[in-house]
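What follows is a single structure, written as structure tokens, with notes after it.
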Amino acid sequence: MGTVPSALKHCLSYQHLLKEQLWIAEPPAAAHPAQELQASGLPEYIKIVEVGPRDGLQNEKVIVPTDTKIELINQLSKTGLPAIEVTSFVSSKWVPQMADHEEVMRGIERHPGVQYPVLTPNLQGFHSAIAAGATEVSVFGAASESFSKMNINCSIEESIERFEEVIKSARDMNIPVRGYVSCALGCPYEGNVVPDKVAEVSKRLYSMGCYEISLGDTIGVGTPGSMKKMLEAVMKEIPLSALAVHCHDTYGQALANILTAIQMGVAVVDSSVAGLGGCPYAKGATGNVATEDVIYMLNGLGINTGVNLHAVMEAGNFICTALNKKTNSKVAQASFSTGSIN
Amino acid sequence: APRARLTLPPCQVSSAAAATGAYPKRVKVVEVGPRDGLQNEKNVVPTPVKINLINMLSETGLQVIEATSFVSPKWVPQMADHTEVMQGINKLPGISYPVLTPNLKGFQAAVAAGAKEVSIFGAASEKFTQKNINCSIEESLERFEEVMKAAKEVNIPVRGYVSCVLGCPYEGKISAAKVAEVSKKMYSMGCYEISLGDTIGVGTPGSMKEMLTVVMKEVPVGALAVHCHDTYGQALANILVALQMGVSVVDASVAGLGGCPYAQGASGNVATEDLVYMLNGLGIHTGVDLQKLMDTGTFICNALNRKTNSKVSQASCRL
């Protein structure tokens with residue numbers, strides 16, 4: 001299509017366009033939690049839950065030194081992200097990447113207005129987490145029996161009983177608990193997952209006391225079609241304001257699925273800086289959706305997140321350098337290439 | 001956890017979505033890999049490989065496969081073998097093999113080589129037009145008028161592309177009104193379809209919706225297509241919004257062939273596999289066999305000695 005100039009890096013208009021799109025300036029005034037819908041029917045504000053330091057790093061091949069983890073979290077704390085999942089209080093036998101959970105929890109800067117949830121799969125983990133200073137915890141259920149058995153060696157029912165203990169103790173101490181439901185749109189063992197099952201497990205966790213339920217497309221097989229059906233079933237049991245989506249981009253569907261969810265009114269989205277975290281079920285495939293790409297989309301929709309995209313890209317650049325890997329974020333890839341970010 | 005065998009999930013036919021009128025029941029996928037894709041790849045592909053690629057694509061159920069570009073090899077060396085390719089491919093009945101024809105000379109060469117459909121490229125940005133083809137938008141349309149006239153005489157349908165519909169590497173923001181103006185001109189000139197291209201992939205569902213709203217006032221939605229680049233990861237979300245607004249023709253490139261000439265190392269075209277995966281999940285009929293498409297993607301990536309840009313392909317590959 002004709003000649004293409006090579007020195008586009010210096011093209012000011014492109015830079016300006018990107019700066020507008022990337023909102024490299026300070027983000028708009030801090031959001032208020034009241035979920036108002038814009039004229040477009042989309043939420044005015046979306047809470048981004050950053051899972052890179054936990055879900056991301058847990059699924060990376062390279063194990064990251066403790067101070068790198070702490071530095072990453074500290075950088076993320078300065079981006080405007082309202083919630084950053086820090087680590088997992090699980091036995092290092094199972095998840096060696098999270099063996100330094102205590103050190104990380106104690107070592108990070110705690111910024112006011114930012115939540116630092118940690119995973120606590122059982123009571124023991126919960127107690128360690130509290131002792132290390134945690135003020136919010138998460139528990140993980142699954143909508144698939146096979147997945148539950150393979151992952152934590154027990155049935156869904158048994159896992160829920162285990163979480164019951166955690167939630168009870170947490171309630172006694174006024175510690176909020178977030179509930180995750182894995183395999184919401186498909187299971188690596190069972191294949192199709194019935195929306196009613198997702199609704200059932202979500203309802204259990206919610207009635208037990210989880211303040212929020214994050215619905216996870218664990219293997220990224222979902223599409224806007226299955227996302228819609230699943231949310232319709234879950235929304236019958238759980239108020240919209242208590243729902244979050246945790247989409248994996250393994251099949252490139254994450255942003256389309258997230259868009260579908262927010263069109264239905266969901267206003268909490270999980271993502272991972274630089275798209276950290278591969279998929280343990282498909283070698284070489286990607287996992288978490290990249291925070292940068294989510295924010296780029298939300299900015300373009302005029303939805304407030306309170307997050308400075310440029311700052312997230314810098315944190316992403318930091319961790320990718322430390323991990324010696326390329327970013328999984330297309331926004332970061334494109335922005336670094338055009339010289340908009342150096 | 002032990003490695004689970006991840007098979008391709010069954011087509012999740014969701015007739016509910018299509019039935020409520022939220023999405024079109026059928027979408028025509030226009031495959032641009034052999035032209036837009038290969039033109040923007042670093043490695044030049046030998047003619048027999050191109051021909052084999054197109055032949056394989058012809059077996060997937062795709063109805064439209066953009067074969068090549070009749071442009072001077074001085075400008076686009078990757079497409080220098082346009083005549084050989086056009087004459088060498090199997091042309092299956094029911095499949096259209098459009099080619100780019102930037103001017104009358106190219107058009108004539110295309111028809112002589114057997115082309116039965118052609119495409120012309122406009123842009124919604126003056127600077128982009130200047131930089132790309134060294135003239136103004138108005139002048140480019142005059143040039144195309146010649147092609148349109150000649151095409152009409154021999155009953156050859158012409159598809160019109162409009163570049164930079166959601167942003168320009170030189171001008172930055174592009175007004176939706178400008179996109180509508182250029183689209184309308186090309187449509188009234190006689191293009192049967194207008195493919196709106198997010199050339200640098202900067203668009204989002206927000207800007208896509210805004211742009212389409214304005215364009216749809218001037219061009220019927222049945223004559224519109226979207227050509228989204230995935231440079232910022234927004235392509236499928238942008239396409240989803242376009243579908244919700246009634247667009248039912250979507251351009252894509254097998255294996256996501258074709259980088260972005262404006263951002264070194266960044267991706268370009270959206271991958272056909274990922275698009276078809278999404279459409280399958282929405283219960284939208286495309287007629288495309290995803291497995292055969294992935295096999296074709298594997299073939300061309302091996303030939304190009306590169307990894308696929310399709311996430312569906314990447315995920316389904318068991319190493």
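The values are calculated or read from the model by the stated rules, or taken from the named source; none is laboratory data. Every value quoted in this text rests on a predicted model; they were computed, and no experiment measured them. A quick note on method: Cβ atoms are made from the backbone with ideal geometry, for glycine too, and the neighbour counts reach across all protein chains shown. Areas reflect the complete protein model, heavy atoms only, side chains present, ligands, DNA and RNA absent. Shrake-Rupley method; radii C 1.70, N 1.55, O 1.52, S 1.80 Å.
Under the condition of being open to solvent by less than 10 Å² (accessible area, probe 1.4 Å) and either hydrophobic (A, V, I, L, M, F, W, C) or away from chain A (no Cβ under 14 Å) (or both), the residues counted in region B:194-235 number 15. Quick one: count up the residues across region A:262-283 that are open to solvent by 10 Å² or more (accessible area, probe 1.4 Å) and charged (D, E, K, R). Summing the residues that are open to solvent by 10 Å² or more (accessible area, probe 1.4 Å) and charged (D, E, K, R) in region A:262-283 gives 1.
Being open to solvent by 60 Å² or more (accessible area, probe 1.4 Å) and not polar (S, T, N, Q) is the filter here; which residues of region B:293-305 pass it? Step through it out loud before you land on a result.
Pass one, region B:293-305, residues open to solvent by 60 Å² or more (accessible area, probe 1.4 Å): B:295, B:298, B:302, B:305.
Matches in region B:293-305: B:ASP295 only.
In this entry, B:MET245 passes the filter for residues that are surrounded by fewer than 23 Cβ atoms within 10 Å (Cβ to Cβ), within 28 Å of A:TYR251 (Cβ to Cβ) and among the aliphatic types (A, V, I, L, M).
Residues checked against (1) modelled with pLDDT of 95 or more; (2) open to solvent by less than 10 Å² (accessible area, probe 1.4 Å):
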position	(1), (2)
A:TYR189	no, no
A:ASP196	yes, no
A:TYR206	yes, no
A:GLY209	yes, no
A:ASP217	yes, yes
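Criterion applied to A:THR250, A:THR218, A:THR223 was being within 14 Å of another protein chain (Cβ to nearest Cβ), in contact with a Lys or Arg (Cβ under 9 Å, 6 or more places away or on another chain) and either among the β-branched types (Val, Ile, Thr) or free of Cβ contacts under 8 Å to residues at least 40 places away in the same chain (or both), and the one residue passing it is A:THR250.
When region B:27-43 is examined, which residues are found to be touching a residue at least 60 places away in the same chain (Cβ under 8 Å) and not charged (D, E, K, R)? Outline the logic, then answer.
Looking only at region B:27-43, we keep the residues that are touching a residue at least 60 places away in the same chain (Cβ under 8 Å), and these are B:27-33, B:35-43.
Within region B:27-43, B:VAL27, B:VAL29, B:VAL30, B:VAL32, B:GLY33, B:GLY37, B:LEU38, B:GLN39, B:ASN40, B:ASN43 qualify.
Working only within region A:285-312, note down all residues that are small (Gly, Ala, Ser) and touching a Lys or Arg at 6+ places or on another chain (Cβ under 9 Å).
Let us first name the residues in region A:285-312 that are small (Gly, Ala, Ser), namely A:285, A:287, A:290, A:300, A:302, A:306, A:311.
Across region A:285-312, the qualifying residues are A:ALA285, A:ALA290, A:GLY306, A:ALA311.
For region B:62-92, name all the residues that are assigned to a loop (DSSP other than H, G, I, E, B), within 12 Å of chain A (Cβ to nearest Cβ) and not hydroxyl-bearing (Ser, Thr, Tyr). Residues satisfying the conditions are B:VAL71, B:LYS74, B:TRP75, B:VAL76.
Residues checked against (1) within 28 Å of B:ILE54 (Cα to Cα); (2) in contact with a Gly (Cβ under 7 Å, 6 or more places away or on another chain):
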{"position": "B:GLY203", "(1), (2)": "no, yes"}
{"position": "B:MET208", "(1), (2)": "no, no"}
{"position": "B:VAL219", "(1), (2)": "no, no"}
{"position": "B:THR231", "(1), (2)": "yes, yes"}
{"position": "B:ASN238", "(1), (2)": "yes, yes"}
{"position": "B:VAL241", "(1), (2)": "no, no"}
{"position": "B:ALA255", "(1), (2)": "yes, yes"}
{"position": "B:VAL276", "(1), (2)": "yes, no"}
{"position": "B:LEU279", "(1), (2)": "yes, no"}
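Within region B:161-174, residues that are closer than 22 Å to B:SER119 by Cα sit with their Cβ atoms under 7 Å from residues that are acidic (Asp, Glu), at 6+ positions apart or across chains, in these pairs: B:VAL165/B:ASP198; B:LEU166/B:ASP198. The set of residues from region A:70-84 being more than 19 Å from A:GLU136 (Cα to Cα) and open to solvent by less than 30 Å² (accessible area, probe 1.4 Å) comprises A:LEU72, A:THR79. Summed over region A:261-288, residues that are within 9 Å of chain B (Cβ to nearest Cβ) and either part of a strand (DSSP E or B) or in contact with a Leu (Cβ under 7 Å, 6 or more places away or on another chain) (or both) total 6. Looking across region B:79-123, the residues that are under 27 Å from B:ILE174 (Cβ atoms) and more than 17 Å from the chain's Cα centre (by Cα) come down to B:ASN103, B:GLY106.
Against the numbered list (1) surrounded by fewer than 19 Cβ atoms within 10 Å (Cβ to Cβ); (2) within 14 Å of chain A (Cβ to nearest Cβ); (3) part of a loop (DSSP other than H, G, I, E, B); (4) not small (Gly, Ala, Ser), B:PRO102 comes up short only at (1).
Based on this model, can you work out whether B:SER188 counts as without any contact (Cβ under 8 Å) to a residue 60 or more places away in the chain, of a type in the set (Gly, Ala, Ser) and either within 14 Å of chain A (Cβ to nearest Cβ) or open to solvent by 20 Å² or more (accessible area, probe 1.4 Å) (or both)? Answer is yes for this residue. Screening B:ALA80, B:ALA109 for residues that are without any contact (Cβ under 8 Å) to a residue 24 or more places away in the chain and within 25 Å of B:ALA151 (Cα to Cα) leaves exactly one candidate, B:ALA80.
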